[in-house]
Amino acid sequence: VGISIETRPDLISIEEIKKLREFGVTMVELGVQNVFDHILEKNKTNLNSEKVAKATQLLKDAGFKVMYHLMPNLLGANFKKDFQSFEKVFFDPKFKPDWIKIYPVEVIKGTQLYQLYRKGKYKPYSTKELIELLIEVKKIVPGWIRIARILRDIPIEKIEAGCKISNLREVIKKEMEKRKIKCNCIRCKEVRENYDPKEKVYLFRQDYEASGGKEIFLSFENK
């Protein structure tokens with residue numbers, strides 16, 4: 001369906017966008033991680049929320065789909081701040097990407113974060129805390145966003161601390177089903193093998209403001 005590339009928000013410019021257009025790129029994935037400036041600064045990303053917002057607007061104005069990579073459990077974050085960061089991404093008109101990938105922090109040897117972890121200055125979420133956070137996030141995700149992935153697939157033997165459940169998405173889904181909670185993202189609503197040609201479907205339209213413009217999301221759904 002298209003070509004997707006991954007880059008940093010601060011590398012997006014008019015010149016870069018022209019190049020991406022020539023390459024035939026249709027979606028740009030941005031390493032956003034978080035939208036709170038103090039957390040981005042603490043983690044030495046050289047980013048801030050304004051750089052993210054500007055890149056998002058430039059890309060949307062040029063007709064690209066935009067995906068954010070988001071990273072709960074960064075240094076300086078906590079359950080509440082992480083949830084608020086996702087809320088801001090979903091509902092603040094400066095952001096509102098089309099897709100997201102969720103990559104909880106995993107501590108790897110040879111990193112500055114590993115040194116802080118060894119000294120007791122950084123503590124990752126327990127698996128239970130992480131699952132609870134991601135359930136809360138999935139409860140509020142708007143219907144026009146697709147959650148493409150949860151958890152980066154890093155070999156378990158390389159992970160010193162952080163989540164080691166490779167099928168985390170499946171675990172979260174089962175827990176949500178147990179609690180009778182539904183995720184509203186595009187991927188979770190897909191028909192897949194449940195297709196019934198006799199089922200009555202309706203055209204739904206959602207209009208929302210984002211990046212100084214108007215977005216229109218169309219979907220065919222049952223009631």
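The values are calculated or read from the model by the stated rules, or taken from the named source; none is laboratory data. This structure is a prediction, so every number in the text was calculated from the model and none was measured. Here the Cβ positions follow ideal geometry from the backbone for every residue, glycine too, while neighbour counts run over all protein chains shown. SASA here: full protein model, heavy atoms, side chains in, ligands and nucleic acids out. Shrake-Rupley method; radii C 1.70, N 1.55, O 1.52, S 1.80 Å.
Mind checking Rg over Rh on the chain, alpha carbons, Kirkwood formula for Rh?
Details: Rg = 18.4 Å, Rh = 18.8 Å.
Result: Rg/Rh = 0.98.
Taking 16 Å as the cut-off, the amide N atoms of region 44-86 that come nearer than this to a point 7 Å along the Cα-to-beta-carbon line of E132 belong to 73, 78-84.
Across the protein chains, with a 1.4 Å probe defining accessible surface, the residues F91, F83, F220, F204 rank F220, F91, F204, F83 from largest area downward.
How would S219, S4 line up by accessible area, probe 1.4 Å, largest first? Numbers along the way, then the final one.
Details: S219 20, S4 55 Å².
Greatest to least solvent exposure: S4, S219.
Working out 0.36 nm times the residue gap between K158 and C188, then minus their Cα-Cα distance, what length gain in nm do you get to one decimal? Walk me through the numbers on the way to the answer.
Working: separation 30, 0.36 × 30 = 10.80 nm, distance 3.03 nm.
Result for the pair: 7.8 nm of gain on full extension.
Which loop trypsin sites (Lys or Arg not before Pro) in region 25-100, with loop taken from DSSP, have no more than 16 other Cβ atoms within 10 angstrom of their Cβ?
On the way: sites: K42, K44, K51, K54, K60, K65, K80, K81, K88, K94; in loops: K44, K94.
Here the trypsin sites (Lys or Arg not before Pro) that fit, given the DSSP loop and packing criteria, are K44.
Taken about its Cα centre, the chain carries a charge dipole of roughly 580 debye when the Cβ of each Lys and Arg holds +1 and the Cβ of each Asp and Glu holds -1. For region 150-163, the Karplus equation 6.51 cos²θ - 1.76 cosθ + 1.60, evaluated at θ = phi - 60°, returns couplings of 10, 5, 7, 7, 9, x, 3, 5, 8, 8, 7, 7, x, 6 Hz by residue, with Gly and Pro reported as x.
Sorted by accessible area (1.4 Å probe), largest first, how do C188, C163 line up?
Working: C188 65, C163 10 Å².
Ranked from most to least accessible, the order is C188, C163.
By a 1.4 Å probe calculation restricted to protein chains, I216 has an accessible surface near 90 Å², given to the nearest 10.
First measure r as the distance between the Cβ atoms of D10 and Q115, then evaluate 1/(1 + (r/R0)^6) with R0 = 25 Å and state the FRET efficiency to the nearest 0.05. E between D10 and Q115, to the nearest 0.05, is 0.45.
Give me the net charge of L151's neighbourhood, meaning all other residues with Cβ under 11 Å from the Cβ of L151; Lys, Arg count +1, Asp, Glu -1. Before the final figure, lay out the partial values.
Numbers: positive: K101, R149, R152, K164, R169; negative: E106, D153, E170.
Surrounding charge for L151 is +2.
Taking a quarter of the surface of the Cα convex hull of region 19-115, what do you get in nm²? Can you show the working numbers first?
Working: hull surface 27.5 nm².
With every direction weighted equally, the projected area is 6.9 nm².
Across region 69-79, coupling constants 3J(HN,Hα) worked out from phi with the 6.51/-1.76/1.60 Karplus curve, θ = phi - 60°, read 8, 10, 10, x, 6, 5, 4, x, 8, 8, 3 Hz, and Gly and Pro carry x.
Between E29 and I5, E6, T7, M67, the built amide H atoms are under 5 Å apart, and every one of these is 5 or more places off in sequence or on another chain. Computed from backbone phi, the HN-Hα couplings of region 22-38 come to 4, 6, x, 5, 10, 9, 10, 9, 10, x, 8, 6, 7, 10, 9, 4, 5 Hz, rounded to whole numbers (Karplus: 6.51 cos²θ - 1.76 cosθ + 1.60, θ = phi - 60°; Gly and Pro given as x). Between the alpha-carbon centres of region 122-175 and region 1-43 there is a gap of 23 Å. With the simple model of a label 7 Å out from the Cα in the direction of the Cβ, I140 to E87 spans 0.4 nm.
Heavy-atom accessible surface of L133, to the nearest 10 Å², is about 0 Å², with a 1.4 Å probe and all protein chains retained. Between K200 and N167, the distance separating the two model label sites (each 7 Å from Cα on the Cα→Cβ line) works out to 3.8 nm.
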